[in-house]
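The next block holds one structure in the form of structure tokens; read it before the comments.
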Amino acid sequence: MTSGSMAVRGMLLSALCLCSMGSVANDTIRTRMGAIDLDFPVSALGKILTSDKTLSSFYRERDYTLAWSEAADRRALLDAVAAAQHHGLSPNDYNLAQLTRVAAGDTRHLDAEAQADIDLLLTDSALLLASHLRYGKVNPEDLRPEPDASHPDRGIDDLLAEALAADNVEQGLKRLAPATPGYQQLLSARAAVAALMREPWERIPEGETIRPGNSDERVPHVRQRLRALGDHPHPDSDAPEAIATRHDPALVAAVQRFQARHGLDDDGLIGRDTLAAINLTPAKRLTQIDANLERWRWLPEQPGDTYIVVNVAGFELTMIRKGEEVLRTRVIVGRPYRQTPLFSDSIRHLVFNPSWTVPRSIMIEDQLPVIRQNPDYLSNLGFSLYRGWGPDRIPVDPDTVDWWALSENYFPFQLIQEPGPSNALGQVKFMFPNEFDVYLHDTPARHLFASSQRSFSSGCIRVENSLELARLLLESQNGWSGNRLNRVLDSRELTKVYLENPVPVHLEYWTAWVDDAGTLNLRDDIYERNGPVTAALETSLDYDGRIHQASAN
């Protein structure tokens, strides 16, 4: 036999051997997936596989063949896992160490069991990363991390199969993250903040408020900090020390820009709250951004052609129509002890010239003390008093009631504020019936919108430009012109208008976002909701069936 023939024979034998090992590996995968289908835990390389039914569906569709034989695909997955940190996710949750060891090596000469182990663990890691990028790591219902990708309605397995077939694993996984501008802009802002981690960030000490024109030894540090944050332009030359310590007009303007994007009164004063925000470290800013990236991943992929978003933490309402913003207005939300709930629903009808049936808790906690101090309170604000409820209720003269004898345990009355200029709901309310009994509405207390912190309500949302919102909602409604709307308002008669096409409304909680000018905005966590999300994001999935809290940095 010639040397050439021997070489060909060796290649054929080697190919047959590899084919045989591949077949055995396929059988191993089939057996493991059968165990998963019977709800038995299955491991690979000592790690419990977490994707369960999604993993089984993925391999069933490819007849249990190996998915990661190509080193290029393994390297692409490694790159995608490493990039998870830019989304506020931990690469270690997706077996970064194991992927690093097998990404570049040749696995074809390993035995069938080892090949199956590697393939299963890589697929499990990819599926979990895909699920977290698209739908979030944290379950918003209970704020616990979701350690698996087993959601039959999600189709994550199909998306991964398509990416592998197209030799486009890294980009395929990357595209699973929300494509909405809000998410992508926040990703870019996160990268800019992460770059600040390389800079020293010493705390600027507290002291007296620094007013425009005043000199203070802290001013150069404030100026330098605002330059790092992008709020102050870099100087053309170094200023003399006497000028450097002065709170000059350029610094005042920079402070005002900083204050505006942090939800502070933009007065240019460097006081306690402004200095605390300036001292906020890049690490703290990153955790705030990461919590909000996660909230973006919770949102439905299709919010609707026309929809409304209320940012509770940002005290702002935005209406979007066909991808364009048609209204942005200030709102007032619930106090920290009467928080506005977060959920999605649809506005189904509007009520013009509404009456207000006062909730029992507000009657007892808020209004009873006021009535005791001011007997004319009810008549001055147009309240009617009734004993009992429903059609059998009886009108009562407030002057005949011993208000000091009433209490939480004894309050047999109902208060209803009639339509009018003093009505707490203003001229219109927007109804989306829900278990929390909250809604959007107008208000006569217009002065409160001037406050930077607008958490004054008992849970419902007061809208500054409520009549403009009503006009936009009725714009496509047959028979509803601006003139008709004005006539209804002038009548002061209660009028319900049902929308032909209900409009989705999303009550969200954004403490970090990028505005239309490309500027990162941060807000106080008024309801202290960031902490639980951050804790869940930092909770490590250790793949042995347990979840443990990562140690604090």
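A short reminder: the numbers here are calculations on the coordinates, not readings from a lab. Worth saying up front: this structure is predicted, and the values here are computed from it rather than measured. Here the Cβ is made from the backbone with ideal geometry for all residues, glycine too, and neighbour counts use every protein chain on show.
Taking Cα atoms, how many degrees apart are the long axis of helix 52-61 and the longest axis of the chain, rounded to 10 and kept between 0 and 90?
Tilt relative to the chain: about 50 degrees.
Using only Cα atoms, tell me the angle between helix 482-491 and the longest principal axis of the chain; keep it within 0 to 90° and round to the nearest 10.
The answer is roughly 50 degrees.
For the modelled label position 7 Å from the Cα of V326 along Cα-to-Cβ, which residues of the range 486-519 have backbone nitrogen atoms closer than 12 Å?
501, 503-504
Sort 474-483, 25-34 for me by packing, meaning the mean count of neighbouring Cβ atoms within 10 Å per residue, highest on top.
Ranking, from highest mean packing down: 25-34, 474-483.
Net charge within 10 Å of P212 by Cβ-Cβ distance, Lys/Arg positive one each and Asp/Glu negative one each, not counting P212 itself?
Surrounding charge for P212 is 0.
For the range 147-205 and the range 62-111, what is the separation of their C-alpha centers, rounded to whole Å?
Between the Cα centres of the range 147-205 and the range 62-111 lies a distance of 17 Å.
Need the full-extension length gain, A283 to R335, defined as separation in residues times 0.36 nm minus the C-alpha distance. One decimal, nm.
That pair, A283 and R335, stretches by 15.9 nm at full extension.
Which whole-Hz couplings ³J(HN,Hα) result when phi for each residue of the range 394-401 is put into the Karplus expression 6.51 cos²θ - 1.76 cosθ + 1.60, θ = phi - 60°, listed in order with x for Gly and Pro?
Once rounded to whole Hz, the list reads 10, x, 10, 7, x, 5, 8, 9.
Could you pull out every one of the aspartates and glutamates with an alpha carbon less than 18 Å from that of K496, ignoring same-chain neighbours closer than 8 positions?
E418, D437, D442, E468, E475
Under a straight-distance cross-link criterion of Cα-Cα below 21 Å, which lysines are reachable from K174, leaving out those fewer than 8 residues away in the same chain?
K137
Could you check the spin-label model distance between D167 and E113? Points 7 Å from the Cα along Cα→Cβ, value in nm.
Each label point is offset 7 Å from its Cα along the Cβ direction, giving 3.4 nm.
For L45, what is the net charge nearby, where nearby means another residue's Cβ is under 11 Å from its Cβ and Lys, Arg count +1, Asp, Glu -1?
-2
Could you compute the FRET efficiency for N374 and K496, with r as their C-beta to C-beta distance and R0 at 35 Å, rounded to 0.05?
Computed FRET efficiency for N374 and K496: 0.60.
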